[in-house]
Amino acid sequence: MMVRRFAAMAIVFALVPGVADARGFARGGGGGASRGGWDFHGDTGTHSSTGPGGTNRTTTVNQGANGYNRTTTANNGQYSRTSTGGYNASTGNAYHGSSASSPYGSQHSSTTGNVNTGNYSHSGSGSNQYGSYSNSGSGNAYNRTYSGSGTATNAYGQTYHTGTYANNGYVYHGAVVTNPVYYHGPAWGWNGGVAWYPAPYYYGGGFWGAFAIGTAAAAIAYGTIVTPTNVTVTSYQVAPESPGAKLLQSYQLTQVPCGPPNLVVVYGPNNSAICAKPNNLVAAGNYSVNSQTLTLTSEKPAS
C-alpha cells in the first residue's frame, strides 16, 4: 500500500505542476525567492523581489506540520500572473492553479488531486482577440482512466467541441455529443455542483446504480459487450435516480440488453458499459462518459 501511495503521489505531482514547481523551488532550483534561501521545509512568510526586467514578484508561503500553501504573484505593467499550490499530507490533497492577463488576453487553470485515492480533476479557460476556449476533465491515476472535454469559439462565432477518454492506457479522441439538459450548467451541475467520483467495489463506481461488484443480485444483467481491449463486460440494468439514469434521460435514450449490433454502447467508469437504442440525438456507436459534465464523447482511437 505504501508503494502504491508513493506511485500515486508521483503521478499527482506530475499532474499538479504547482507541487512539482514547489519542490524544485525548495531545492533552490529557480525563482527569485529560492536564490534568497527560501526553504519550504520550515519557512513561513512573504518574500518579494524585483527582476532586471522590472517584474515585481511576491511569494507567500504558509508551512505547517502536515503540508504547505504557496501563492506567487508577478506584475510588470499590464502583464500579471498569479499561481497557487499546496499539499496536505493528512488528507492527501494537492492542488495547483494559475491565472494570467495581458493586453492580448487572459488565461485560467486549476488542477486538484489526491494521492490516497488517485482521483484528480482539472479545468481551464482563456480568451484573446481570436476567440475563447474552455476545457475540463477528471480521472484516476490508479486505474489509468480519464475523461475530458473542450470547447473553443473563434472570432466568427463558430464553436467546436472535442473530447478525450482514456481507459487502461487506451486513449480515444472524439466529438462531444452536447447534453441537451445540462449544456449550460457549471461543472458537476447535474450533481448540484458537488464533484462525483467512482466509489470502490461498486459496478461502474456506482455510476449506474449502488450495487456492489460480485453481489449484483439487486441488479438485472443486461447482456455482455466486448470492449475495444477485448475484455468481456457484463452490463446491468441502470438503477433509477443514479447518475447513469440522469445521463440516459438527458439524451432520451432507452436502455436495452447489450449484444445485438447497431446499438449505442456507453462505456462508463471502472470498465463498465451499458447499451441503448439510437435516436435522433445519439447515433449508433461507441461512446465514453465525461462524468464532470455528464456528456457523451464518441470513441475514436487516437492516431
| Can you name every residue in the stretch 254-303 that is touching a helix residue (DSSP H, G or I) at 6+ places or on another chain (Cβ under 7 Å) and without any contact (Cβ under 8 Å) to a residue 60 or more places away in the chain? | Q255, A276
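Residues are listed down the side, and each one gets a yes or a no for (1) over 23 Å from A187 (Cβ atoms); (2) free of Cβ contacts under 8 Å to residues at least 24 places away in the same chain; (3) exposed (fewer than 14 other Cβ atoms within 10 Å of the Cβ):
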residue: T46; (1), (2), (3): yes, yes, yes
residue: P52; (1), (2), (3): yes, yes, yes
residue: V61; (1), (2), (3): yes, yes, no
residue: R70; (1), (2), (3): yes, no, no
residue: G85; (1), (2), (3): no, no, no
residue: G131; (1), (2), (3): no, no, no
residue: S136; (1), (2), (3): no, no, no
residue: A155; (1), (2), (3): yes, no, yes
| task | Scan A239, A284, A273, A245 and give me the residue that is more than 28 Å from A141 (Cα to Cα) and either among the aliphatic types (A, V, I, L, M) or surrounded by 13 or more Cβ atoms within 10 Å (Cβ to Cβ) (or both). | result | A284
| task | Would you confirm whether any residue within the stretch 273-286 is modelled with pLDDT under 85 and more than 25 Å from the chain's Cα centre (by Cα)? | result | no
| One residue from S110, S83, S127, S90 being at pLDDT 90 or above, out of contact with any strand residue (DSSP E or B) (no Cβ under 7 Å at 6 or more places or on another chain) and farther than 15 Å from T293 by Cβ | S90
| Candidates N143, N179 - the one that is in contact with a strand residue (DSSP E or B) (Cβ under 6 Å, 6 or more places away or on another chain), assigned to a loop (DSSP other than H, G, I, E, B) and either modelled with pLDDT of 80 or more or in the same structural domain as G285 (by TED's automatic domain parsing) (or both) | N179
| said: Under 9 Å between Cβ atoms, which residue pairs at least 6 apart in sequence (or on different chains) link something in the stretch 217-237 that is on the phi > 0 side of the Ramachandran plot with a partner that is surrounded by fewer than 18 Cβ atoms within 10 Å (Cβ to Cβ) and modelled with pLDDT of 85 or more? | reply: G223/T234; G223/V256; G223/P257; G223/G259; G223/P260
| Identify, please: which residue in the stretch 180-199 is more than 18 Å from the chain's Cα centre (by Cα) and not β-branched (V, I, T) and is, among those, farthest from N116 (Cα to Cα)? | P180
| task | Of all residues in the stretch 251-270, count the ones that are of a type in the set (S, T, N, Q) and either buried (at least 19 other Cβ atoms within 10 Å of the Cβ) or at pLDDT below 90 (or both). | result | 2
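The values are calculated or read from the model by the stated rules, or taken from the named source; none is laboratory data. Please read these numbers as outputs of a predicted model, since none were measured by experiment. No Cβ is skipped: glycine too gets one built from the backbone with ideal geometry, and neighbour counts run over all protein chains shown.
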